Amino acid sequence: MRVINKQDFDTLVGNDKYYKTRWSYMRQAAAIASEFIPGKILEIGAYTLPIVSGCDTMDVKRYKMATGEYQTYVHDASERWPIEDKAYDLVIALQVWEHIPDPVAAFMEMVRCSKAAVMSFPHMWDWPEDANHHMIDDEKISKWTIGMTPAESMLFKRNKRDKMMNLYVF
């Protein structure tokens, strides 16, 4: 297992403008994840681009990763995870929690199945046509994370012109 670096990232995303802006927070999450290697890591909603190559992944659809591997778990994170208690040293969930049907249930499962987590959320995006991303504030994130105080939190822009992001470490 190893974390993605900028060269890997650029190769994988090519000129895809949707993903290009993600390096700023993925870089931060990769630095945190590197502290957990060689532990057991699960990444939720990585789509085709996990930040830790060779880690376990979970998504609601079966995707082929850039590495040629497929999801370890094809599963709705809102439902009880088919994973033992504290089986993972780290769970990574970047820009996915706002898409989970029951984020509170999913967070409780994450706490049950992992020793630590790194998560990112859109922060106060004024995007009324997209209810998943619109005006997510600290209060909403606190509800989703059952009031648990993060060990660390960072607020930053995805790029110079882009929207703000929250990155939390639990």
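Quick note: the coordinates plus some simple rules give every number you see, no bench work behind them. The structure displayed is predicted, hence computed values, not measured ones. Counting neighbours? That spans all protein chains shown, and the Cβs are built from the backbone with ideal geometry, glycine included.
3J(HN,Hα) along the range 81-86, derived from phi through the Karplus expression 6.51 cos²θ - 1.76 cosθ + 1.60 where θ = phi - 60°, amounts to 6, x, 9, 5, 4, 6 Hz, with x in place of Gly and Pro.
Shape analysis of the chain based on the Cα gyration tensor places the equivalent ellipsoid semi-axes at 21, 21, 15 Å, largest first. With neighbours defined as other Cβ atoms within 10 Å of a residue's Cβ, the residues Val74, Val96 order from fewest to most as Val74, Val96. Residue by residue, the range 110-121 carries 3J(HN,Hα) couplings of 4, 4, 5, 9, 9, 8, 7, 8, 10, 9, 10, 9 Hz when phi is fed to the Karplus relation 6.51 cos²θ - 1.76 cosθ + 1.60 (θ = phi - 60°); x denotes Gly or Pro. Most simply put, the range 1-111 has about 25% antiparallel DSSP beta bridges, counting only bridges with both residues inside it. Each of Cys55, Cys113 has some number of other Cβ atoms within 10 Å of its Cβ, and from fewest to most they run Cys113, Cys55. Taking amide H as placed 1.01 Å from N in the peptide plane, Asp102 has its amide H under 5 Å from the amide H of Ser78, each at least 5 places away in sequence or on another chain. Distance from the Cα centroid of the range 110-170 to that of the range 58-94 is 19 Å (rounded to whole angstrom). Applying a DSSP loop filter and a limit of 15 other Cβ atoms within 10 Å to the trypsin sites (Lys or Arg not before Pro) in the range 57-118 leaves Lys61, Arg62, Arg80, Lys86, Lys115.
Kindly identify the range 70-124 as rounded, prolate or oblate by the Cα gyration tensor criterion: order the square roots of the eigenvalues as a ≥ b ≥ c, call it rounded if a/c is under 1.5, otherwise compare a/b with b/c, prolate if a/b is larger, else oblate. Prolate shape, in that a/c is at least 1.5 and a/b is the bigger ratio. Need one word for the range 19-94: rounded, prolate or oblate. Basis is the Cα gyration tensor (sqrt eigenvalues a ≥ b ≥ c); a/c below 1.5 gives rounded, then a/b vs b/c decides. Taking the square roots of the gyration eigenvalues as a ≥ b ≥ c, the range 19-94 is oblate.
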